[in-house]
Structure formats: C-alpha cells, structure tokens
Amino acid sequence: MRKSVAPWRDRSGRFSPLKAAVFTLLPLPALLPAALWVSGNLAGHPSQTILLLTGFWSDRLLVLTLAVTPLSALFGLPRLVLVRRMLGLAAGAYALAHLGVYAFQQGFAWSFIVVQMVSHVVLTIGLVSILGMAALAMTSTDGWVRRLGRAWRRLHLLVHPATVLALLHTFMEAPTSVSRATTFSGFYLWLVGWRLLPRGARRHPLALLLLALAAAALTAGLEAGWYALATGIPAGRVFAANFSLIAGLRPAHWVGLGGLAVAALMTIRRLMTRAAGSAMSVPARETSR
C-alpha cells in the first residue's frame, strides 16, 4: 500500500495535528493581503506592500527553520522536526513569491529583469539566495535524501549562506531602516552560536546565558556597524542606544531577551528535574531501611 504524502500526515501516514496546524497557518500571512490586492482594497502601493511582506516572511521562516533543531533538543520536543521541511519549503515559496512580485512590477520584461539582476548587487545577492533555497527545496524529498546519502547533509548546509545572503539583501533594500533585518540576523547569530557550542554545553543554563549576552552584543555591533557604513551615523552612538530604553526596544534587546528566556526556561527545567529526582529517591531510601 502506498504511503500517504499528504502534508498533514506524519511518516507513518497518521494524521498529525501539529503538521496540519502549521500547514494551515503558513499561507495566511500572504492570503489576506493578496486578497485585498486583487480586490483593489490594499492601501498604499499594493505591489510594494506585497513585495516587502513576502521578503519579510521568507527571512522569518528561514530563521524559524534553523530554530527547529535547537528548540527540539533543548525542550525535548522531537515532533517539532516533523515541520522543519515544511517551514523550509514555505521560506522558499515566499522567496519565489517575492521574486514574482518584483517581476510583476517590471511588467515581466525578462530581458530587462536579467540585466537588472546582473547589474545591481542587491538584486544579484537576492537572486543567489533564492537559487540556493530552490536547490534545497528540490532536494528535500525522501528520495533525494536516499539518493545523495551522506552528501545530502553537506548540501543542505547551503541553508546558512542562503540565509546570510537573504538577510544581507534585506539590509540593502532599505539601508536606513534595518530593525527587522538586524533582529532576524541577531537570532540567526544565536542559532549559529548554539550549534558551535560543545554538545555538553548546549543545554547548560550558564552557557545559554553567556550565549544570550554574546548574541545581543553582536547584534548591537552589527546594527552600529551597518548604520556607520550605510548612513555615516557614528557607530558608537548607535551602539550606546542599545543600553537605553528611551527609544524603545532595539534589535539587540529582543535577541537578548529571547536568549535569556531560553536560559531561564532551561534553568527551571533543570531544577524541576532535580526536584523530581529527589522526590523519587526518598521512597527508595525508606524501602531500603
């Protein structure tokens, strides 16, 4: 009997509420704006709004895809892995939609689009990222996993350069307003940092605390460096702003808070595990008497 390939079923063919929920939610960010655009009720410059939205969600889903492994390992949620491929495919779909909207804006004049892609660095970077995501999507099936064997894992390390290029493209699209790009980049730095930790330290609260602080500092440095290069604003001024809440929460704050939340949850989980272990050892000692 042929195994079902429906996206709401797990590998054994059983219905997965998690996969069904994620499959339902993934297209929603684009459906309502697209419907408003088609009906002529989308405010502002409709195609530009959709262009920015698709790029935003492609970046977000790329980072979420890379977050599946740490979240699964840290919090004992192995079933999260079921939606990793789905998130990656959705990131690629949003990236292709982003390219499609750009082509629409250019009247699908493909020769002109090719010239633009080659002659403008920001577009070249975006295109290379999309091509990388397309390669990952095409080889994400079980058949390609079997066909490529060990080489499949090496190939899918392309997710990292694809993510870096996608984030760089977002920075360059709006060089004077990079809060979202910086925030996504900061979380990406945390995810890379977690993978670089020794395996024994990846669940240790102190290591996670230090990682949160390091990722926040790197995020602040990235934001300061970008503004210094792109706008001439002194890097020290932007970096110092991350130590103040007068202007609200900055990307480094969000990254730091996210990392600290993970460290706090792991601390609580460790304390609860120890308490449960202690409670179980008491009856054991009483029995031995």
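The values are calculated or read from the model by the stated rules, or taken from the named source; none is laboratory data. Keep in mind that what you see is a predicted model, and the values were worked out from it rather than measured. Heads up, the Cβs are rebuilt from the backbone with ideal geometry, glycines too, and the neighbour counts pull from every protein chain shown.
Quick notes on this one:
- Only a single criterion out of (1) farther than 20 Å from Ala181 by Cβ; (2) more than 16 Å from the chain's Cα centre (by Cα); (3) not hydrophobic (A, V, I, L, M, F, W, C) is not satisfied by Thr49, namely (1).
- Of the helices (runs of 4 or more DSSP H) lying entirely inside segment 148-208, those carrying at least 1 residues that are of a type outside the set (Lys, Arg), in contact with a helix residue (DSSP H, G or I) (Cβ under 8 Å, 6 or more places away or on another chain) and under 17 Å from Ala95 (Cα atoms) are 159-173, 179-196.
- Test: residue in segment 232-253 that is in a helix (DSSP H, G or I), within 23 Å of Phe171 (Cα to Cα), free of Cβ contacts under 8 Å to residues at least 60 places away in the same chain and in contact with a Lys or Arg (Cβ under 8 Å, 6 or more places away or on another chain): yes
For every residue, the table says whether it meets (1) surrounded by fewer than 11 Cβ atoms within 10 Å (Cβ to Cβ); (2) on the phi > 0 side of the Ramachandran plot; (3) in the same structural domain as Thr69 (by TED's automatic domain parsing); (4) in contact with a Gly (Cβ under 9 Å, 6 or more places away or on another chain).
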| site | (1), (2), (3), (4) |
| --- | --- |
| Leu191 | no, no, no, no |
| Gly200 | yes, no, no, no |
| Leu208 | no, no, no, yes |
| Leu211 | no, no, no, yes |
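- Subset of segment 97-127 [closer than 20 Å to Arg60 by Cβ and either surrounded by fewer than 17 Cβ atoms within 10 Å (Cβ to Cβ) or not assigned by TED's automatic domain parsing to the domain that holds Thr54 (or both)]: Gly100, Val122
- Yes/no for His160 being surrounded by 13 or more Cβ atoms within 10 Å (Cβ to Cβ) and over 14 Å from the mean Cα position of the chain (by Cα): no
- Pair list, Cβ < 7 Å and 6+ apart or interchain, from segment 32-50 residues that are in the same structural domain as Gln106 (by TED's automatic domain parsing) to residues that are surrounded by 10 or more Cβ atoms within 10 Å (Cβ to Cβ) and outside any helix (DSSP H, G or I): Thr49/Leu42
- Being under 20 Å from the mean Cα position of the chain (by Cα), under 21 Å from Ala137 (Cβ atoms) and not acidic (Asp, Glu) is a property that Leu31 lacks.
- Residue in segment 3-24 that is under 17 Å from the mean Cα position of the chain (by Cα) and either without any contact (Cβ under 8 Å) to a residue 40 or more places away in the chain or more than 23 Å from Asp142 (Cβ to Cβ) (or both) present: no
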